[in-house]
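Input: a single structure, listed below in structure tokens.
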Amino acid sequence: MFSKSLVNLCRQGLGSTRVLQTVVCKRNLYDPAAIGVDKYEFYREKVSTQFSDADKQLFRDRMNSFAEPESNSLIFTDDLKQIIHMISDNEADLTLVEKMMKKYNKQNKGLRFGNFTFGPVVMRMYYHLNKPDIALQMFNDPEMDGFFNHLSSYQILMDLLFVNGKFDQILDVYKLIQEKQLQIAKFPKGVMMLVFAACYKLNTTDSFEYACKLWSEQQEAGHSPIRKTITFFAANAINQNSPHIALEVITSVRNQSYVTLRNIKVVALCDLGRIVDALPILRSVLSLDRPMTSAPAIKQTFCRDVIYIVKAAAEKLNDKEISLELERILKQFEELNIISDTTLDSLLCTEVKMIERTDYSNNRESIVGVSYQSGRPYKKREFRRPGISDLL
């Protein structure tokens, strides 16, 4: 095999310092706006301006008293809303919000006073504070049973774990979701993307076998994964010396012109010793028709680390004609600025952005930024929460 792990490739001395930094930094898969963190922060600011420091402390003191198990006082929805948007990053506040959530969840067992869905909002709170361990602890706590049973809660938690490199825990969360047999889609698209991303980042034999098993189960169920899930699985296959699998899975994407697919396909072909078949893909970006419009054309690029792999494959083949053709292509690439310093790993982990939509009638369960009003998309015009219909 020619390629090293796509995660570690630039650490082998093949890339520039700037590229190395893009590989090793923490990455989240969802843009904060796509999971509602921006709205959570908006309400934090609103609460901060509405209450004086004295009022906040008085409220904390009362809630500490109400949250005690022996207290007959109830924790109401507005109480929990306020502390969630008032909380500071300190042990006292974290303990208080935990006690309030547990009492609120317990008192509402069998009788829900309100219909506000707290799970996603609480996970946004932990996301804002960057508290993955506490978020996971609360998710797994038996006293919080049912509190986080919402698709958005899982996605936000799993992305928070991804940000902090806790890839094993992402798989644990998914397995727990499956064990609970919740009334959600068997293979929710956003969750599956995070699971396959975690398997890709773990890059172990076991995690790859698990990804292969999940892929087969999805195929048998007639499920069509989103493109980002497919590219993570294909890249994982390349890292695990299975480029033939990578080539097969990316054929399930109808449009093969996406930059991630082109780069992955070239790497897989080179790993299979088929650089002759990779050359037409490289040449294809040179022959694209340029639109006769005033709008700037989207540049078709190849990652520099992928070009290194192609060069290594050509050297191994030791065919003078192939080497000359590759040299000619790469010269044109340099002239047209087609080679990008963005690594393939960074390209794969590009954030999922919020997509502007005006139609909320279809597939409401796929909307990530929800649960500020009874589990439904937020209604205020200036803060509409569109769905994510195409996760890159």
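A few points about this structure:
- Extension gain, Ser88 to Lys331: 0.36 nm times the residue separation minus the Cα-Cα distance gives 82.0 nm.
- Modelled FRET efficiency - R0 30 Å, Leu58 with Glu143, Cβ distances, 0.05 increments: 0.65
- For segment 72-131, applying the loop criterion from DSSP together with a ceiling of 16 other beta carbons within 10 Å to the trypsin sites (Lys or Arg not before Pro) yields Lys109, Arg112.
- A crude spin-label estimate for the pair Lys213 and Ala185, with each label 7 Å from Cα along the Cβ direction, gives 2.3 nm.
- Long-range HN-HN contacts of Ser340 with modeled amide H, under 5 Å: Phe302, Cys303, Arg304
- Placing unit charges on each Cβ (+1 for Lys and Arg, -1 for Asp and Glu) gives segment 68-213 a dipole about its Cα centre, and among Asn140, Ile87, Leu171 the Cα reaching farthest toward its positive end belongs to Leu171.
- Full-extension gain in nm, Lys109 to Gln300, via 0.36 nm per residue minus C-alpha separation: 63.2 nm
- Out-of-range pairs (alpha-carbon distance over 29 Å; input Lys265/Lys353; Lys56/Lys102; Lys106/Lys353; Lys99/Lys353; Lys109/Lys228): Lys106/Lys353; Lys99/Lys353; Lys109/Lys228
- A Förster radius of 45 Å, combined with the Cβ-Cβ distance separating Val276 from Asp172, puts the computed FRET efficiency at roughly 0.55.
Rule-based calculations on the coordinates, nothing more; no lab input. Everything quoted here is computed from the prediction, not taken from an experiment. For neighbour counting, all protein chains shown are included, and Cβ atoms are generated from backbone atoms with ideal geometry for every residue, glycine included.
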